[in-house]
Number of protein chains: 2
Amino acid sequence: MRANYMLGNQKVELREVPDPVLVEPTDALVEIAASCVCGSDLHSYHGPEVKPRPIGHEFIGRVTAVGSEVSSVAVGDFVIAPFTISCGKCEFCRERLYTSCLRLGWWGSANSHDAACQAEAIRVPMADGTLFKVDAQVDDALLPGLLTLSDVYATGFHAAAKAQVEDGDTVAVIGDGAVGLLAVLSAKQLGAERIILMGRHEARTELGRDFGATDVVSERGEEGIAKVRELTGHGAPKVLEAVGLMPAFEQALGIVRPGGVISRVGVPQYQTGPVGRQFFSPNVTLTGGVAPVRKYIARLLPGVLEGRVNPGKVFDSVLPLAQVADAYAAMEARTSLKVMLRG
Amino acid sequence: MRANYMLGNQKVELREVPDPVLVEPTDALVEIAASCVCGSDLHSYHGPEVKPRPIGHEFIGRVTAVGSEVSSVAVGDFVIAPFTISCGKCEFCRERLYTSCLRLGWWGSANSHDAACQAEAIRVPMADGTLFKVDAQVDDALLPGLLTLSDVYATGFHAAAKAQVEDGDTVAVIGDGAVGLLAVLSAKQLGAERIILMGRHEARTELGRDFGATDVVSERGEEGIAKVRELTGHGAPKVLEAVGLMPAFEQALGIVRPGGVISRVGVPQYQTGPVGRQFFSPNVTLTGGVAPVRKYIARLLPGVLEGRVNPGKVFDSVLPLAQVADAYAAMEARTSLKVMLRG
């Protein structure tokens, strides 16, 4: 089969590799129907040259084989794979904090035996704890929406859920990438009345309006803070931060209302930052984290299947796996928001 | 009347000053029944020499005069004064986040006209928004308990409330000062089953056990972390941090369980710190802040009046105001946990 390898230095390479096989009795094999490129894949892409390794952590597909101990999925089932691998049995999995699984695995890492999903097929470890079966007829039109449940939609929803967004809330979302836009959609679903999207790429913020943003603020820094305060009075009670860079964190601190919440889902690209009286004096809460995607799929899936929400719109481009290099180039150049890859 | 002045450089001085008078129609005058020395007063005390200023921010007493616009308290009423001055009317006061009052004042600061309470009497600005009337007969035995409601008990309760401590919880409390000990009491009141107190002053941790601590960990740093993990498995789901120094913050991060909460009420003596993946990867929430004391008084007062709880035990020493210098010296030397001053 073919699988994509990250080389760094703005290069990826589709390689012919052996088909995956079952190794453990808890494994499943999945034929990949669709995968995609994540903003985080770009970190390696524009980094220095690296030892080539398989890449990709968001996918949906059909089960082609299962080990003797797999009971929750069977050959022929259509499945969604969260971006983390979890056992389903430990105390954290039982609490549905799958990202703190005691046997946590990451696609494309040593602890998943290098399985990654910008490929035609994949071996899935701990299949019962990892895969989520879609009990419905799946046609091509559903693929983009289902694929967002492997990461970006569930991650955006995690931001809103951890901020406890509820009916009537005013919410600010920082970042107009796929996760930020789907945080807008999620806040809307949870009842937010006013949703201020901070972003400056017009095509993206337009999609944000489509998802439920009532206001768009394109200014950044002090100007952006002033604009949000002008719109809200004393700031936004709930701020969803979907970028992960320090300026976004500082932006969040600047626009949050006293007593409010900053919920982060952008992976922090910093170790230290302001965490003293800036939070303490106004009683601001900091929450969020890496999304336990699997927790939210059961809740979000019906809306996707019934067409009540259309998170798949974040895929503004679809390419065959053969053109994976073009997918990276388009996302790097920001001519695409997010590219879906067909198997 | 006499009022205490902070001079810095380990000196305070009781001075004869004019009696307070009503200035604004929203003022009240209070004859102070009891006040006390706060750990935060010691910061100025062991700092360099400063321009003398009145000091003290925790008091209870009896109203002796009210301005023409004061309606919630009258001459003769016994009152509790929170450690902040609030208007009672702005949107934050209406939400009971009194510490974010748009007209917020601090005792002993320019914005309270230098009124401070290590004194015989005090002028209270915005009396309706600030003072809390005690509708009960107050005898001397009640004074210590009532006085804790002006700060330390309500602050400890804020830590537990913001962490959403509930029935059956495992809670760790960092710090065996008055606030930490009363955070233990508060966690117990909210139903915590296991309360691990981290502190090393035996007389204090014994009082902590009396307040409900089930375990005491005297080790600090890595050793302390290992001990808490040994007791809890993967850490404490709720951590109440009542110190305010960076080592305590790092301790909190070291002992919190994935998915858990760190609730701070120790005023941070740092501006920056670890706030990246240390919080993000395990989905740890950071909350807490300066306590809106007034919010909690109505809830906590009945337990004090009925003797169901005895937070006043944190006062291990009572001195007349005339001996205020001895009070500071005893707290500085840690021979007293907290000293109550009688008017």
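The values are calculated or read from the model by the stated rules, or taken from the named source; none is laboratory data. Since the structure is predicted, the reported quantities are computational estimates derived from the model, not experimental observations. Cβ sites come from the backbone with ideal geometry, for glycine too, and all protein chains shown count toward neighbours. When the accessible area is computed, the model is the full protein with side chains, heavy atoms only, and any ligands, DNA or RNA have been set aside. Shrake-Rupley method; radii C 1.70, N 1.55, O 1.52, S 1.80 Å.
Brief remarks follow.
- Peptide-level mean, for B:264-272, of C-beta atoms on other protein chains within 10 Å: 4
- Taken along its three principal axes, the alpha carbon spread of the stretch A:155-288 comes to 37, 28, 28 Å, from the longest extent down to the shortest.
- Area of B:Leu337 that stays accessible when all protein chains are in place (1.4 Å probe, Å², to 10): 20 Å²
- Semi-axes of the equivalent ellipsoid of the protein assembly as shown are 55, 26, 20 Å, computed as sqrt(5λ) over the eigenvalues of the C-alpha gyration tensor in descending order.
- Folded to 0 to 90 degrees: helix A:294-305 orientation relative to chain A principal axis, Cα: 90 degrees
- Listed residue (B:Gln10, B:Ala110, A:Gly235) projecting farthest to the positive dipole end of the protein assembly as shown, Cβ model: B:Gln10
- Accessible area in the full protein assembly, largest first, 1.4 Å probe, for B:Arg334, A:Arg257: B:Arg334, A:Arg257
- Expressed as a whole percent, the accessible surface of chain A that belongs to carbon and sulfur atoms is 48, based on a 1.4 Å probe.
- For A:Leu7, inter-copy separations between label points set 7 Å beyond Cα along the Cβ vector come to 7.7 nm, shortest first.
- Placing +1 on the Cβ of every Lys and Arg and -1 on the Cβ of every Asp and Glu, with no other charges, gives chain A a dipole of roughly 660 debye about its Cα centre.
- Estimated 222 nm signal from helices in the protein assembly as shown, with DSSP H stretches of n ≥ 4 weighted -39500 (n - 2.57), rounded to 500: -8000 deg cm²/dmol
- For the peptide A:97-109, the mean number of other protein chain Cβ atoms found within 10 angstrom of a residue's Cβ is 2.
- Taken about its Cα centre, the protein assembly as shown carries a charge dipole of about 140 debye when Lys and Arg each add +1 at the Cβ and Asp and Glu each add -1 at the Cβ.
- Among B:Ala81, B:Ala203, B:Ala33, residue whose mean-square fluctuation peaks in a GNM of chain B (springs only between Cα atoms under 10 Å): B:Ala203
- In Å², nearest 10: area of B:Asp326 left accessible to a 1.4 Å probe: 80 Å²
- Averaging the Cα positions of each part gives two centres, and for the stretch B:101-156 and the stretch A:113-178 these lie 51 Å apart.
- Residue (of A:Met246, B:Leu321, A:Ser317) at the positive-pole extreme of the protein assembly as shown, dipole from beta-carbon charges: A:Met246
- Label distances, nm, B:Val75 versus same residue in remaining copies, Cβ-directed 7 Å point: 9.5
- By accessible area with a 1.4 Å probe, ligands and nucleic acids excluded, highest first: order of A:Arg229, B:Arg94: B:Arg94, A:Arg229
- Straight-line cross-link reach from B:Lys89 at under 17 Å between alpha-carbon atoms covers these lysines, not counting any fewer than eight positions away in the same chain: B:Lys295.
- Relative contact order, percent, the stretch A:155-288 [alpha-carbon distance under 8 Å, six or more residues apart]: 25 percent
- Taken along the Cα-to-beta-carbon direction at a fixed 7 Å, the label points for A:Gln269 and A:Asn310 span 3.2 nm.
- The value given for chain A is a Kirkwood hydrodynamic radius of 20.3 Å, derived from the mean inverse Cα-Cα separation.
- Nearby aspartates and glutamates by direct alpha-carbon distance to A:Lys313 (threshold 17 angstrom, same-chain neighbours under 8 apart not counted): A:Glu58, A:Asp139, A:Asp140, A:Asp151, A:Asp176, A:Glu202, A:Glu206, A:Asp210
- Centroid-to-centroid separation of the stretch A:73-90 and the stretch B:298-324 [C-alpha atoms, Å]: 57 Å
- Exposure ranking of B:Ser218, A:Ser186, B:Ser71 by accessible area [1.4 Å probe, largest first]: B:Ser71, B:Ser218, A:Ser186
- Sorted shortest first, the distances from the A:Pro18 label point to those of the same residue in the other copies are 9.4 nm; each point sits 7 Å from Cα along Cα-to-Cβ.
- One Cα centroid belongs to the stretch A:32-60, the other to the stretch B:182-249; the line between them spans 43 Å.
- Note on B:Lys227: accessible area approximately 70 square angstrom, rounded to 10, probe 1.4 Å, nucleic acids and ligands left out.
- Electrostatic bookkeeping for B:Asp151 treats Lys and Arg as +1 and Asp and Glu as -1; over the other residues with beta carbon under 12 Å from its beta carbon, the sum is 0.
- Counted by Cβ distance under 13 Å from A:Ile225, the other residues give a net charge of -1, where Lys and Arg count +1 and Asp and Glu count -1.
- Accessible area that becomes buried as A packs against B, both chains, 1.4 Å probe, Å², nearest 100: 3300 Å²
- Accessible surface computed residue by residue for the protein assembly as shown, with neighbouring protein chains in place and a 1.4 Å probe, gives 39 Å² per residue.
- Positive contributions from Lys and Arg (+1) and negative ones from Asp and Glu (-1), summed over other residues with Cβ under 9 Å from the Cβ of B:Thr170, come out at +1.
- Helix B:221-232 vs. chain B, principal-axis angle (Cα, 0 to 90°, nearest 10): 70 degrees
- Dipole of the protein assembly as shown, positive end: most advanced residue of B:Cys87, B:Pro292, A:Pro20 [Cβ charges, Cα centre]: A:Pro20
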